Amino acid sequence: QVQVEESGGGLVQPGGSLRLSCVASGSIPSFYTMGWYRQAPGKQRELVARIIGDFTTNDADSVKGRFTISRNNGKNTRYLQMNSLQPEDTAVYYCNTVLPSPRSWGQGTQVTVAS
């Protein structure tokens, strides 16, 4: 089980940007796929983007062209750069494994997009 801590959320106006960080307490195995998820009020948690090695995928159609997942292996950190934020991006964002399947969830970081 990878222990992570998310940060970087906040209140931003529509069209703004944020960068979320996910710091792991130890090395993330190279064969793990890591991802950013989000859960908006009243909705199910969804996978936004994933990364394994240097291969990345945006899983949510609504974020393609706007969000970018990346990593800094030396710092055991994964990032989610979010540009052109819209009110519908408002959610709690979580970092977790994709493969293997997540076993537990942290507190996440709140992102609120509002004018």
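The values are calculated or read from the model by the stated rules, or taken from the named source; none is laboratory data. From a predicted model like this one, the values you see are computed outputs, not experimental measurements. As a convention, Cβ positions derive from the backbone with ideal geometry for all residues, glycine included, and neighbour counts pool all protein chains shown. We work out accessible area using only protein heavy atoms, side chains counted, and drop any ligands, DNA or RNA first. Shrake-Rupley method; radii C 1.70, N 1.55, O 1.52, S 1.80 Å.
Restricting to the range 66-81, name every residue that is of a type outside the set (Val, Ile, Thr) and surrounded by 14 or more Cβ atoms within 10 Å (Cβ to Cβ). ARG66, PHE67, SER70, ARG71, ASN76, ARG78, TYR79, LEU80, GLN81 - these are the residues of the range 66-81 that are of a type outside the set (Val, Ile, Thr) and surrounded by 14 or more Cβ atoms within 10 Å (Cβ to Cβ).
Name the residue that is surrounded by the most Cβ atoms within 10 Å (Cβ to Cβ), counting only residues in the range 87-101 that are outside any strand (DSSP E or B) and not polar (S, T, N, Q). Looking at residues that are outside any strand (DSSP E or B) and not polar (S, T, N, Q), I get ASP89. If you go through the range 63-95 and keep only what is at positive phi and out of contact with any strand residue (DSSP E or B) (no Cβ under 6 Å at 6 or more places or on another chain), you end up with GLY65, SER84. The residues on offer are ASP61, ASP54, and the sole one that is loosely packed, with under 14 Cβ neighbours inside 10 Å and either of a type in the set (Phe, Trp, Tyr) or more than 20 Å from VAL4 (Cα to Cα) (or both) is ASP61.
Apart from one condition, SER84 fits all of (1) open to solvent by 50 Å² or more (accessible area, probe 1.4 Å); (2) in contact (Cβ under 8 Å) with a residue 40 or more places away in the chain; (3) under 24 Å from SER30 (Cβ atoms); the exception is (3). In the set (1) at positive phi; (2) surrounded by 14 or more Cβ atoms within 10 Å (Cβ to Cβ); (3) over 13 Å from the mean Cα position of the chain (by Cα), ILE28 fails one condition alone, (1).
Within the range 24-40, residues that are more than 16 Å from ILE69 (Cα to Cα) sit with their Cβ atoms under 6 Å from residues that are open to solvent by 20 Å² or more (accessible area, probe 1.4 Å) and in a strand (DSSP E or B), at 6+ positions apart or across chains, in these pairs: GLN39/VAL92.
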